[in-house]
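Each remark here refers to the structure printed beneath this line.
Any read-out appearing in this document is the output of simple, stated calculations on the displayed coordinates, not a laboratory observation. Everything numeric here is computed off the predicted structure, so don't read it as measured data. Virtual Cβ from ideal backbone geometry, glycine too; neighbours counted across all protein chains shown.
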């Protein structure tokens, strides 16, 4: 079984384990999960790099604090401990902040996928809270030192 087929199998099993029936990748090698009827997470298999990519929208950034916020996100991206290797970015066409993560697909199994997914969701929750504070012009303590 090649890496793509293995990941597709892991994804199907993951869907079954969370009672979503088998999850399947579309023609773009992606699928989208909606968590708690409010948060969409895109999961994509990048064939060229043999990686699994996760992407979700954190929320809006306040236009009045855009530069300050983006500078904090840029600095946080440079500090692995603040993002745990995940990447914060701004949509070029909107005042939306995204959280992305990519991991090698080689040897992906259910326990590893579940662990990565849980880590991604935990990081999402942390940065969503930071973004709420930043929207009000407040810097969370962990970011004020940047």
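If the elastic network links every pair of Cα atoms under 10 Å, which of 46, 77, 64 fluctuates the most in the Gaussian network model of the chain?
64
If I fit a long axis through the Cα atoms of helix 66-78 and take the longest principal axis of the Cα atoms of the chain, what angle between them do I get, 0 to 90°, rounded to 10?
Tilt relative to the chain: about 50 degrees.
Which value results for Rg/Rh of the chain when Rg is the Cα radius of gyration and Rh the Kirkwood radius based on the inverse mean 1/r?
Values: Rg = 16.3 Å, Rh = 16.2 Å.
In the chain, Rg relative to Rh is 1.01.
Rounding to the nearest 10 and keeping the result within 0 to 90°, find how far the Cα-based axis of helix 110-135 lies from the longest principal axis of the chain.
The helix 110-135 is inclined about 20 degrees to the chain.
For the chain, what does the helix formula give at 222 nm: sum of -39500 (n - 2.57) over DSSP H segments with n ≥ 4, over the residue count, nearest 500 deg cm²/dmol? Before the final figure, lay out each step's value.
Numbers: 5 runs with 62 residues, N = 146.
The helix-only estimate for the chain comes to -13500 deg cm²/dmol at 222 nm.
Which angle between 0 and 90 degrees, to the nearest 10, do you get for helix 3-17 versus the longest principal axis of the chain when only C-alpha atoms count?
On a 0 to 90 degree scale, this one is about 80.
Calculate the FRET efficiency for residue 79 and residue 128 from the Cβ-Cβ distance with a Förster distance of 22 Å, rounded to the nearest 0.05. Kindly include the intermediate steps, with their values, before the conclusion.
Values: r = 18 Å, r/R0 = 0.84.
That gives a FRET efficiency of 0.75.
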